[in-house]
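Let me begin by presenting the structure, written as structure tokens, before commenting on it.
Quick note: the coordinates plus some simple rules give every number you see, no bench work behind them. Computed from a prediction, not measured in an experiment: that's the story for all the values here. Here the Cβ is made from the backbone with ideal geometry for all residues, glycine too, and neighbour counts use every protein chain on show.
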């Protein structure tokens, strides 16, 4: 009969008493029932495996050997050791003990074979690689290290740094997943993608020597934009002058038609024409004499707006040069080898004028003796 809560009971008609005749009806029911009960028992020699879950009712399996295969039971000792390994990372992490371009890694427990997709980290790399490199784990065959773009070129694995590696799908090599060195980068193909060194060298090598490079630029339309050559030629072309052949001795009144001419002045008064935007002249004092530059109206000023003199005249002494232009309202001296009046400096990078220099240079009145 069936077990009840795991307890076997003999079928009806049992037990028999002394003198009972063994009848077919008793034997044919009792013996098969006993056989079925024995068949359902868990054989201690391992001959019959269970075919259902085995609740232990709070009891333990004791005296187990450590499991060695994927389907084996694990002992408590194995589980606590595995937890320790997980905490310390020794199953997947270790220090490099190899040489340049030939890394070696020891894991604990020891790796017995390479499995595709397996990740491991190598720390404190012994030497920066100089080219193609390999790694051997726990004495297994050395596998080549590659990136997604081929063999390493050098500088991807840095001394004393770390790297994360993964066994490739074929189990015949390892791929560089992460590194502190130069990580191989695929050529960028979209505006938001990084470029690699090869692209940078090819596209931007011209920037290495800006003084010899020519760049195209559209015409500037705002104050902060760079002007192109056409704009520079039109706006900022160097001012050129025509040299007057004769030296001037005596008074002369210049005309607007003579704009752009250089005059050599030995003596006399040179009167400028009426102001008009764009008029320009150059004067050179010659010989031992002196001339005078005069403006009929509008005055003669320095670029900062300071008037040259109340009489609207400028003395042109020997061996001095003066350049003067009109802005349409007055005459401005733009260049001279004589004395120039400068505006009071207000910033660190501006030149000081004589009035500012006097208190600066006379502040220390104590004589200094130089031996």
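Structure notes:
- Each part reduced to its alpha carbon centroid, region 118-186 and region 255-300 end up 80 Å apart.
- By the beta-carbon count within 10 Å of each Cβ, the least crowded to most crowded order of 93, 306, fewest first, is 306, 93.
- Spacing of the two label points (7 Å from each Cα toward its C-beta) at residue 36 and residue 194, in nm: 7.3
- Fewest-first ranking of 149, 283, using other Cβ atoms within 10 Å as the exposure measure: 149, 283
- Take every DSSP beta bridge whose two residues both sit in region 1-160; close to 55 percent of them are antiparallel.
- A protection proxy built from the mean count of other Cβ atoms within 10 Å ranks the segments 65-74, 97-106, most packed first, as 97-106, 65-74.
- According to the calculation over all Cα-Cα pairs in region 15-58, the P(r) per 5 Å bin from zero is 5, 16, 17, 16, 13, 10, 11, 8, 4, 0 %.
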